[in-house]
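Colleague: Below are the structure tokens for one structure; questions will follow.
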Amino acid sequence: MKKIILFIATALFAGSTQAQYKPTDQGSSLNFTIKNFGIETGGKFSGIQGDIIFDPANLNAANFDVSIDAASVNTDNSLRDSHLRGESYFDVKNYPKVHFQSTKVSAGKNGAFIINGKLTIKKTTKVISFPFSAATSNDSYVFKGTFNINRKDFDIGGTSTISDNVDVSLNIIARKN
């Protein structure tokens, strides 16, 4: 009986020592670039929220559950931004958040990591995977990564003149709870 109680206490203690972090909007960036008529253009999102469990020594316990405010799309062109918030693009009335939920984090090359997870934009969820780096800064982590998605996979933009491929780069600051 003592062994069972000791095992349960150890399991509870081990779970509670994992560092938990909150992504912060201030200092973080989530940018995208896409070609329109062959000319590269881009923008950014803000309103990042979520919970991150990350310890490089225990990647099996890592978990990234984060979202951004879809209505925050900003291309420095208010007319285009309004269009992107509309039904044929992000449809922010019905789908106010873009969500990512990790399913696995593993070690990559040269000190980097690989994250696998599910990206949900509008009503579509797709599995994505991309490399990222994690650097400590005081009681925070700075996570940096890039990935590419096909906008049509998420029913964004229909038959628009923009490229199907969207490059996304992120630089997320997450502070310890």
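The values are calculated or read from the model by the stated rules, or taken from the named source; none is laboratory data. None of these values were measured; they are calculated from a predicted model. Cβ coordinates were reconstructed from backbone atoms using ideal geometry, including for glycine residues, and neighbour counts include every protein chain displayed. We work out accessible area using only protein heavy atoms, side chains counted, and drop any ligands, DNA or RNA first. Shrake-Rupley method; radii C 1.70, N 1.55, O 1.52, S 1.80 Å.
Colleague: Just checking, which of Ile39, Ile8, Ile4 is at pLDDT 55 or above, over 18 Å from the mean Cα position of the chain (by Cα), more than 29 Å from Val142 (Cβ to Cβ) and among the aliphatic types (A, V, I, L, M)?
Modeller: Criteria check complete, one pass: Ile39.
Colleague: Now for a separate question. Could you give me the residue pairs with C-beta distances under 8 Å whose first residue belongs to the stretch 119-144 and is more than 30 Å from Ile156 (Cβ to Cβ) and among the charged types (D, E, K, R), whose second residue is open to solvent by 70 Å² or more (accessible area, probe 1.4 Å) and not in a loop (DSSP other than H, G, I, E, B) wherever it lies, and which are 6+ apart or on separate chains?
Modeller: Partner pairs satisfying both residue conditions: Asp139/Arg175; Asp139/Lys176.
Colleague: In the stretch 85-118, which residue that is within 18 Å of Ile162 (Cβ to Cβ) and touching a residue at least 24 places away in the same chain (Cβ under 8 Å) is farthest from the chain's Cα centre (by Cα)?
Modeller: Here the residue is Ser88.
Colleague: Can you find a residue in the stretch 86-93 that is surrounded by fewer than 14 Cβ atoms within 10 Å (Cβ to Cβ) and closer than 15 Å to Phe147 by Cβ? Even if it seems obvious, please write down each step before you answer.
Modeller: Taking the stretch 86-93 and keeping what is surrounded by fewer than 14 Cβ atoms within 10 Å (Cβ to Cβ), we get 86-88, 93.
Filter once more, keeping what is closer than 15 Å to Phe147 by Cβ: none.
Within the stretch 86-93, not a single residue is surrounded by fewer than 14 Cβ atoms within 10 Å (Cβ to Cβ) and closer than 15 Å to Phe147 by Cβ.
Colleague: Of everything in the stretch 56-83 that's modelled with pLDDT of 95 or more and of a type in the set (D, E, K, R), which residue is nearest to the chain's Cα centre (by Cα)?
Modeller: Asp65
A quick yes/no check of all residues on (1) over 18 Å from Thr24 (Cα atoms); (2) surrounded by 15 or more Cβ atoms within 10 Å (Cβ to Cβ); (3) among the acidic types (Asp, Glu):
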residue: Val73; (1), (2), (3): no, yes, no
residue: Leu84; (1), (2), (3): yes, yes, no
residue: Gly108; (1), (2), (3): yes, no, no
residue: Lys122; (1), (2), (3): yes, yes, no
residue: Ile149; (1), (2), (3): yes, yes, no
